[in-house]
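Participant: Below is a structure I'd like to ask you about.
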Ligand SMILES: Cc1ncc(COP(=O)(O)O)c(C=O)c1O
């Protein structure tokens, strides 16, 4: 049973706390009172160091699409390992992966690889600033885009910090962030077209770009209102600002990402997660004219936005990404979407049967359970009260004890290694857990 002070996980955590702040290397894996330590994963399932098997409904925060230890990716990586992992030379593998991406997505003329979604978002913002000569960005309240200072502004403001619903306050996230960061970041309420228009208009000549995610996880996976997306894109264009689409997660929704499904044509896109096939990756992709800021005018002069990165486009990541993407077809995304529908419908049925006022949102292979029935349009609707946060943590514990690995804040994610029986296992585990958690 979790938590278990005698478990190997609990002992490893005691050891870890002596050398790692909080005992972990990313706060997102910290489950109280101790994290679960993984031994191995295969397909849809992982096994922890105490021998418990868990259906992986997190998939490394959505980065794993084909399941763990995918044999095709493993073969590609193993072959590459024998030939070396990283070099200070260009490789054909990076051309191949960039070609695959550009072939699939109409808005991609050029790709610049890096090592994470955080770096991709930062690179896109720098590119937009260099291209427009303007300092500011606008982003959505509560939306997660990694840990670059401007991009994490107003990620998790408390109710006392929210400010006006039509003009949210710009709230620094990490303590010590310079005041200038908040001043250079305008905050939009999601799904509010008139507020988006007036905030973007207000920034006008100072605004380099609007950074937007079409299915923001921390905002609760609300369906984007087409009028909102239209207001963002048209107002950005009217003030001469660029649109940066964050597809770090949503690229798992379709062969051309969510922009393909929504017929969007952003200036720049930030990518990461699935395009690395399970290895660290990021990329900025976009229109040739804008991507020109990464180019040296004559091969000698410094580009407008210099970008390096010791492990950017390393050979292992490039071949893994290519081996992942080339296994994905329209049919793969359709199958994932079917599994997602089965999960969301099953969960809705469970909430009704249990008589709890819970709900589930999401799209494709992504879902989020909410321990309330407020209509989720924006961050403020989805933000948990302290008692809701406690119930979600309780749900996570209960699910662990029923063989499901699931995030503590409610986000779930499916993989192509799952089948219908796995989805039914998840739904059944939530049903059983609710008896303990209550509603
Ligand atoms: C939408 C979005 N953007 C950016 C990031 C940052 O990506 P990374 O964790 O690779 O830095 C994440 C990470 O979860 C994300 O969900």
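Participant: Stokes-Einstein at 20 °C, 1.002 mPa s, Kirkwood radius from Cα pairs: D for region 22-150 in µm² s⁻¹?
Facilitator: Answer, rounded: 115 µm²/s.
Participant: Still on this structure, please answer the following. Take each of the peptides 88-100, 213-225, average the number of other beta-carbon atoms within 10 Å over its residues, and list them starting from the highest.
Facilitator: Descending packing order for the listed peptides: 213-225, 88-100.
Participant: With the crude spin-label approximation of a point 7 Å out along Cα→Cβ, what separation in nm comes out for residue 436 versus residue 349?
Facilitator: Result for the modelled spin labels: 2.4 nm.
Participant: Can you sort 415, 407 by how many other beta carbons sit within 10 Å, fewest first?
Facilitator: 407, 415
Participant: Same structure again: As a test, work out the antiparallel percent of DSSP beta bridges whose residues both lie in the chain, rounded to the nearest 5.
Facilitator: In the chain, DSSP labels about 60 percent of beta bridges as antiparallel.
Participant: What is the Rg over Rh value, at two decimals, for the chain, using alpha-carbon atoms and the Kirkwood definition of Rh?
Facilitator: 0.96
Participant: Next question, about the same structure. Ordered by packing density, taken as the mean number of other Cβ atoms within 10 Å over each peptide's residues, highest first, how do 197-203, 74-80 rank?
Facilitator: Those peptides, ordered most packed to least, come out 197-203, 74-80.
Participant: May I pose another question? So for 245, 325, fewest C-beta neighbours within 10 Å to most, what's the order?
Facilitator: Result, fewest neighbours first: 325, 245.
Participant: Indicate the gyration tensor shape class of region 313-439 (rounded, prolate or oblate), computed on the Cα atoms with a ≥ b ≥ c the square roots of the eigenvalues: a/c under 1.5 is rounded; otherwise a/b larger than b/c is prolate and the rest oblate.
Facilitator: Prolate is the answer for region 313-439, as a/c is 1.5 or above and a/b outweighs b/c.
Participant: Now for a separate question. What is the distance in Å between the Cα centres of region 173-229 and region 71-86?
Facilitator: 40
Participant: At what distance in angstrom do the alpha carbon centres of region 351-372 and region 297-326 lie from each other?
Facilitator: If you average the Cα positions of each part, the centres end up 40 Å apart.
Participant: Once you have the alpha carbon radius of gyration of region 159-247, what is it after dividing by 2.2 N^0.38 Å, with N set to its residue count?
Facilitator: Rounded to two decimals, the normalised Rg is 1.07.
Participant: Something else now. Ranking request for peptides 267-276, 130-139: highest mean number of other beta-carbon atoms within 10 Å first, then the rest in descending order.
Facilitator: Listed from highest to lowest mean packing, they are 267-276, 130-139.
Participant: For the chain, what does -39500 (n - 2.57) per DSSP helix run (n ≥ 4), summed and divided by total residues, give at 222 nm, in deg cm²/dmol to the nearest 500?
Facilitator: -11500 deg cm²/dmol
Participant: Dividing the convex hull volume of the alpha carbon atoms of region 71-325 by its residue count, what do you get in Å³ per residue?
Facilitator: Normalising the Cα hull of region 71-325 by residue number yields 131 Å³.
Participant: In which sequence would 380, 344 go, from the one with the fewest C-beta neighbours within 10 Å to the one with the most?
Facilitator: 380, 344
We did not get these values from a lab; they are worked out from the coordinates using the rules stated. Please read all numbers here as calculations on a predicted model, not as lab measurements. In this analysis, Cβ positions are derived from the backbone assuming ideal geometry, glycine residues included, and neighbour counts consider all displayed protein chains.
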